[in-house]
Structure formats: structure tokens, C-alpha cells
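Notes follow the structure.
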Amino acid sequence: MDPPAAKPRTAAAPVRPGSPQGGGLRVPPPPGAPASPGAGAPRPVTAPAPPRAVAPAPSRAVAPAPPRAAGQAPEAEVESAPAKASPRAGKLATTGVAGLDAQLGGGIPRGTTLLVIGEPGNAVPLFSEQFAGGGLDAGEDVHYFEFDRPAGSVRANITGFVQRSNEGKAEVTVHDGYSPQFGMSVNARMRDPKALNVPSGTAVEAMMAALQNTAADRPYRLVVESLSALTREDNEREMLKFVRNLVYLGHEMEGLHLISIVKGLHSPQFEAQLRHLVGGVVEFGAERKGFGIYNYLIVSKMLNVQDPVRILLWKETDKGMWLESTKRVF
């Protein structure tokens, strides 16, 4: 019986670098890769490529929000930080109303001439006296020109906003432009014995003289209640010239001025020119809803204050005008 035929032997595959027999790390080809023409030829070992970071595709296209300044609160919040004064503003001065100061980032810039517009009511006289009282409390001399009502209680109302510890640091001068329109009254409540009488025909000269006699190194405030009592159709140009000079002197002497007018008494052109000339505009109004009346205040202009526009509710208390100190986004 013949022995079985031997099976043909295949040649052993050569040892490739990187194989276990070669003592190195064998790097297998990636799955599904086609065989290269030189499959049996040795190939160098390369380090695997690092994984690439792939950003996931957004579920929907959303426009990026604009960058916010440092400290700015998101728009979605109900309460946000009050406005901040611009670096150009320099020193800030109180308006006399703590809530309004907070809304404006600490007060109004020195040198500001403020135009206050309001319907007939308590708002303008109260704010004017509180503005004067805040300056007196801060050690600023006050010149208060009263043309709309008896001046007998004006001084007491202003000094009522001064803290006891700050009494005597500054003085208030009341200029009575109301009584001279009717002659000297015998009623003591109508008069302020310390007030300076100002005939309406020389009112502008008296106000400019008060500023010229103010010491250059003394902070001061001047309040005119109201310019409407002095303005007629035939002298609007003269009043605009006076306000222009008042604005200039405010910047030059770093004083604070408040002039008020009655809403609806003047032509739209005259009111628009006043708004343009002054550094700040505050408007008072009231709205009736149901059985309630809501008093509001609008700050429509305040130069050198960032984002000053406000619509705020206010109420009269035994301590004066009160406003909330937080800004609400509706």
C-alpha cells in the first residue's frame, strides 16, 4: 500500500514590522478599508489622528443676542439695575427725591438746567420745593423765584426737607414775584417778610442778577416757578434767550437750575425749543383707570446720563414725593 501523498505546503508569510513576531504593536487596518496593491509589503506605523471636536447642529436658527455691558441685567428680569451716569457726567447732585436719584444712577449731573412740565396740580410745586430742599440739605444755596402762588409757606416747605444736622450749612432766598402783581397784602400768611419782591416787569433781570451775585466757589440752585407766569405770545423769543443764557451759566458755574411750565399753555414750537435747550426734561401727569388715579413721572431727557428715559409712578406722602427705586421692565 502506497503512503498518502503529502499536501503542498504554503510559504509562510513574512514577518512585518509591527507584528507580534516583530516585537512591535500591530495596527490593524480600519474596518472596511480596501486592500492596497502592496498588501504584503511592510508599511510604517503611524500614530492615530486625534479626534476632532464636532459642534452639534443647532435644533433651530437663533439670532445671537447682542453683547451686554458689564453689570447690565438681562432684559428678561423684572427688576434691573438703575441707569449709570456716563463718565462725562462728572459729579452728580441729588434731585431731592431719593427714588428718582436711584433711577438716574445717583442723581443729575452738575450744571444741568431742568425743565419740569406738568398739568395744574400738586406735582410741580411739590417737586420744585423738594428739589430746592435737597440742595439746601446738601449745603447748596438756593434762590427760589415764586410767581404762581403766595410765597408765605414756600420757605417753610423747603426747609422742611433739610435734616436737623444740616441746618445752617446753606441759605435759601425766596424771591416773591406773586404779591407784587396784586399789591402788598395785609394777610401775613400770604407774605414772607424775608422774601425779596420781584415785579414781573423786571423778573428776568432779577434772576440774572441773583446768579451774577452768587459766589463762584459756592454750589447753588435756582428754581423758577413758573416760567409760564412770565411768558406771553409776544415775548416768547425773550424767554428763550433767557433760558439759553441760563443753560450757559449753569455749565459755566456748575449750578443746578429748575424752570417749570404749565402743560398746554404755550405753543408747541415754544415748548419744543425749551426741550431742546435744556439738559433734562421731567414731565408729570395723571391717568384715571376705573376708580383710581395714577400719578406718573416721565424722564424724557437727561444729558450725560446713560439710558435715562423712565416712566415712573409716584405718590405724595407726609415726607414729600415718593418713587420706587427699582426700574421695572414691561
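Quick notes
- Solvent-free Debye scattering, log10 I(q)/I(0), computed from the Cα coordinates of the range 92-328 at q = 0.11, 0.16 Å⁻¹: -0.53, -1.20
- Greater than 22 Å apart at Cα, pairs in 263/301; 194/319; 91/319; 169/315: 194/319; 91/319; 169/315
- In terms of its Cα atoms, the range 225-330 spans 43, 30, 29 Å along the principal axes, sorted from long to short.
- Per-peptide average of other Cβ atoms within 10 Å, ordering 280-290, 101-111 highest first: 101-111, 280-290
- Separation of alpha-carbon centers, the range 185-221 and the range 105-152, rounded to whole Å: 15
- Area projected by the alpha carbon convex hull of the range 114-173, averaged over all directions, nm²: 4.2
- Sorted ascending by nearby beta carbons within 10 Å, beginning with the fewest, 256, 277 become 277, 256.
Just so you know, all these numbers are worked out from the coordinates, no wet-lab data involved. These numbers were taken from a predicted model, which means no experiment stands behind them. For neighbour counting, all protein chains shown are included, and Cβ atoms are generated from backbone atoms with ideal geometry for every residue, glycine included.
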